[in-house]
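The values are calculated or read from the model by the stated rules, or taken from the named source; none is laboratory data. Every value quoted in this text rests on a predicted model; they were computed, and no experiment measured them. Quick reminder, even Gly has a Cβ in these numbers, built from the backbone with ideal geometry, and neighbours come from all protein chains shown. The accessibility values were calculated without ligands, DNA or RNA, using every heavy atom of the protein model including side chains. Shrake-Rupley method; radii C 1.70, N 1.55, O 1.52, S 1.80 Å.
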Amino acid sequence: MKSFKEIYRTSENKIAGIAAAPGIIIGEAYLYTKEKLQISKADIDDIGKAKNDLTEAIAKSKKELNKIFAVAREKMDEVRAAIFEAQLMILDDPILLNEIISRVEQERKSPEYIVDDEISKYQSKMILSHEAYMKERALDIEDIKQRIIRNLQKRRWESKIEHNVIVISENLTPADTILLSRNKVLAFVTDHGGVTSHAAIISRSLNIPAVVGTHNSTTQIKDGDEIIVDGFYGYVIYKPSQEQKDFFIEKRKRLLDLQKELEELKDEKAVTKDGREIKLLANVDVSGEIEMVITSGASGIGLYRSEQILNELGEFPNEEEQTTIYSKLSSRIYPDQITIRVFDIGGDKFRFLDFEEPNPFLGLRGIRLLLENPAMFKTQVRAILKSSTNKNVKMMLPMVSTLREIRESKKIIETCKKELKSEKIKFDEDIEVGIMIEVPSAAVMARDFSKEVDFVSIGTNDLVQYLMAVDRGNDLVSELYQEFSPVVINTLKHIIDETKKSKKPVSLCGEMAADTLAMPLLIGLGLDSLSMSPSTIPYAKRIIRSCDYKKAKRLAAQSLKLQSEEEVKATIEDFFNKNKITRTRQII
Ligand code: PEP
Ligand code: MG
C-alpha cells in the first residue's frame, strides 16, 4: 500500500490547507454560501420608524445569539462559549448603538447603511492589526453586522442541512460552526482561517475533522461532489479516483480499529515489558481540552499553557477571573495534579508590547517579561495560589535563563503567599515551583538551576530552536530543526543526569514527547515522566507497553554516540522493526 506522502505527491486533484482538527472523512460536499446582502443607502423620511426597525432588529439578533450561546454552552466549555457572550456584549454597547442612532437622525439614511458603515469602521481597525487573533475577531464582528442587517431586511438564513455532509465555505463564523454542527456535519473545509480561527478551535472541541485556509476550495469543489478530507495532513481530495478512495477507506478503517484498541488501553498503566512505569501527563492548551485529558487516560496535566487564555479572551483576565479558570481545572483533574505554567508571553505568542522587537524569540519573553511587569506576575501567582487549596497544583516558570530569574520569581511568590496569609485566604503553603529547561544556558547549568526548585520540565520545542539557532516557525530553515540531532539528545542526557544529581524530578513536555518515534529513546535516556497532547497519550502508552526498558537504554546509549540526525532516526526505526513495534503513522 502507498504512503500518504506518495498519495499526495501523485494526486493532481488535491487542495492543500491547514490541518485544523484530526480525522479522515469521505463524503458529499455541501457548499455553504451566504447570500450577499445588498445594502441600500436610501434616504428616509420617517426617523421614528427607522429607529423602531433598528430596535426590533437588534432585539431579534440578541434573541438569535442567546439561542446560539445556549447551544454553545451545552457543547463546549464556558471559556470558548464566551465568544458568543462577547458578541452579545457588542449588541449591548451603548456607545456603538448611540452612534448608529444619532447618525440615522443626522444623515437620514437607511439604518442598514449606517449599521454597515459604523461596524465596518471597527472591523477595518482590527484587520489592520498585526495579530492573527485580532484579524480573526474582525470576522466575529462581521457575523454581528450581517445579523443585524439581515434582521433589518427581515430575511432568514438557513443553517439546516438535510443529511450528513462536508461543509465547504469561504469562512465560517463561530455561530455558523455551532449551528451547522447540530446537523451532523461530517467535516469542515474553509478557504480562509488558520489554526487559531474559531472554526478550527470549535471543530477540535466538537471532534469534527477540519481543514482550513485552503484558499480555493469553494471554487474547486462543486455542491454534491464526493470529497475526502484529511484532517491529519491538511488536504482535501475532490472527485477521488477509485484508487484514492480505496486508500482512504483503508486508512479510515485502520484508524477506527486503532481508536477502539486504544480505548481499551485507557485504564491500563504505561509500563514497559520489564516493569518500568512511565507517567504520562497531558499538555493542555485550551481549558476545553480537559475532558479529552480525562478520557485519554492521562495521569494529570504536565503543562497547562496559561497564556492561551489570553489568546482566547484577547485580554488579561483579572485575579478573580483567573482564579475561577485555574480552580475549575484543578478541581476537574483532582486528585491528579496540574502544572500551571505562568504566562509565556512574547516570541510568536500573545503580543504584549505595542512595538515590534527585532528578535522576539530572543527578546522580552516568558519569565523575563513577567519580571519586568511584577503587577501582572503577582496577579497570576495569587490566582494560582488561590486555586491550590486541594494541594494538586504546581507552578512552572518558562524561559528561565539565569539563576537570578529563579530567585526573583521565588521572592515574588513568597510575597504573594504572605499577602494571602494576612488576608486570611487559604492556599497550599507547600506548592511546588518548577522551571522549564528550554534555553541552552539553563541546560548547561541544569544541576545548579534544579537545586533551586522542586522540579524541572524540558521544553524541547524551544530547546531545539535555541540549540540549533533555528526559528521553530520558519519553513526556510525547517531542515535544521532537528529533534533527533545528536546535539539535542546529548543535551537531553546532560539535563536528565544533572537534574537527577540534585535529586529533583525531571519530565519532558515538548512536542518531541508526542513523536512516537522518540518514545523509546526518551525512556532510554532515563525520563520516567512525559507530558504530551492528550490525543497522543493512548498511542504513547501502546508503544511503551511493547518496549523493554533495558533495550531502550541500549538504544539511547547507541544513539548518543552517533553523529547525524539521519543516523539516529535510522537506528530508532531499526529498533522498532527488530522489536516488531508498530508506530501510529505507519498504521493510519
Ligand atoms: C517547549 O518549548 O517545548 C514548550 C513545551 O513550550 P511552548 O511550546 O509552549 O513554548
Ligand atoms: Mg517553550
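Taking every Cα-Cα distance in segment 521-579 and sorting them into 10 Å bins from zero, the calculated P(r) comes out as 21, 51, 27, 1 percent. Longer than 22 Å from Cα to Cα, which of K5/K245; K266/K569; K493/K553; K551/K580 are they? Say none if no pair is. Exceeds cut-off: K266/K569.
Given R0 = 30 Å, the distance between the Cβ atoms of N13 and E261 translates into a calculated FRET efficiency of 0.40.
Extent of segment 240-343 along its three principal axes (Cα atoms, max minus min coordinate, largest first): 56, 44, 18 Å.
Taking each of K36/K145; K14/K36; K500/K541; K51/K154 in turn, the alpha-carbon distance tops 18 angstrom for K14/K36; K500/K541. Using the Kirkwood radius over C-alpha pairs as Rh, can you work out the diffusion coefficient of segment 457-539 via Stokes-Einstein at 20 °C, viscosity 1.002 mPa s, in µm² per second? Rounded, D is 162 µm²/s. Kirkwood analysis of the chain, using all unique Cα-Cα pairs, places the hydrodynamic radius at 26.1 Å. Placing pseudo-labels 7 Å out from each Cα toward the beta carbon at A86 and R407 gives an inter-label distance of 4.1 nm. Counting Lys and Arg as +1 and Asp and Glu as -1 over every other residue whose Cβ lies under 13 Å from the Cβ of S450, the net charge comes to 0. Taken about its Cα centre, the chain carries a charge dipole of roughly 1760 debye when the Cβ of each Lys and Arg holds +1 and the Cβ of each Asp and Glu holds -1. Here K578 and R155 are evaluated by their C-beta separation; at R0 = 41 Å the FRET efficiency comes out at 0.05. Solvent exposure of T389, expressed as accessible area, is near 80 Å², computed with a probe of 1.4 Å over the protein chains only. Here R108 and H215 are evaluated by their C-beta separation; at R0 = 41 Å the FRET efficiency comes out at 0.45. If you add up the charges near N66, with Lys and Arg at +1 and Asp and Glu at -1, over every other residue whose beta carbon is less than 14 angstrom from its beta carbon, what do you get? My count for the surroundings of N66 gives +2.
Dividing the C-alpha radius of gyration of segment 158-304 by 2.2 N^0.38 Å, with N its residue count, gives 1.23.
Taking the 1.4 Å solvent-accessible surface of segment 265-587 as the whole, the part contributed by carbon and sulfur is 49%. Between K501 and D46, full extension at 0.36 nm per residue minus the direct alpha carbon distance yields a gain of 155.6 nm. Judged by the gyration tensor of its Cα atoms, with axes a ≥ b ≥ c, segment 47-152 is oblate; a/c meets the 1.5 cut and b/c is at least as large as a/b.
A probe of 1.4 angstrom, applied to the heavy atoms of all protein chains, finds M292 with accessible area near 70 square angstrom. Measuring nothing but protein heavy atoms, the accessible surface of segment 47-152 at 1.4 Å probe radius is 56 percent carbon and sulfur.
Rolling a 1.4 Å probe over the protein heavy atoms leaves F247 with an accessible area of roughly 10 Å².
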